[in-house]
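> Got a structure for you, written out below as C-alpha cells; questions coming shortly.
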Amino acid sequence: MDLIQQLMKQAGVSQDQAEGGIGLLLNSVKDKLPLGDFSELKNTIPSADQFMSSAPGESDNGGGLMGVLGGMASSLGGGKAGALVSLLGGFSKLGVDADTAKKFIPVVQSFLEGKLGDGPMSAIKKLFA
C-alpha cells in the first residue's frame, strides 16, 4: 500500500488532504535536513515535488491567526512551536483538524522506515520528536 492510501485509511483523510499533508511535511523539513538527506527522502516518496508545490504555504494564508501565532512562537525562541503552529495552519487550510494532523507523522515515519538510511531517518525523528 502506498503512502497516500495509508494516510487515507489510517488518518481518515481524502486523497487531496493526504497529498497536501505530505507536501506540508516535506516543505517543513526541506531547510532543516542536510541536502543529501532531503534528496533521499524526496526520492522515497513518489510525486514528492508535486505534493510540495501543491501544499498550502504561508503566503496562502494572508497572515491569519495561525501565521501570527507561529511568528510569535518563533520570535519567543520556540522554533519547533512556531513550525508546529505553521504546520497546523496548513493542515487547517486542507480541512484537516489538529487531532487528525497528528496522525500523519507516525504514518509517514512508518512508511519511511526501512526505505531511508539511518542518517535521514534519525534526523526526521528528531525534527518531529
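None of the figures in this text is laboratory data; all of them are computed from the coordinates on show. What you are looking at is a predicted structure, and each value in this text was computed from that prediction instead of being measured. Because the Cβ atoms are built from the backbone with ideal geometry, glycine has one as well, and the counts that use them run over all protein chains shown.
> Near residue 32, which lysines are there with a Cα under 17 Å away, not counting those fewer than 8 places off in the same chain?
Output for residue 32: 42, 80, 125, 126.
> How do the peptides 21-33, 117-129, 92-104 rank, highest first, by the average count of neighbouring beta carbon atoms within 10 Å per residue? Could you put the intermediate results ahead of the total?
Working: 21-33: 19.7, 117-129: 14.1, 92-104: 16.2.
In descending order of packing, they fall as 21-33, 92-104, 117-129.
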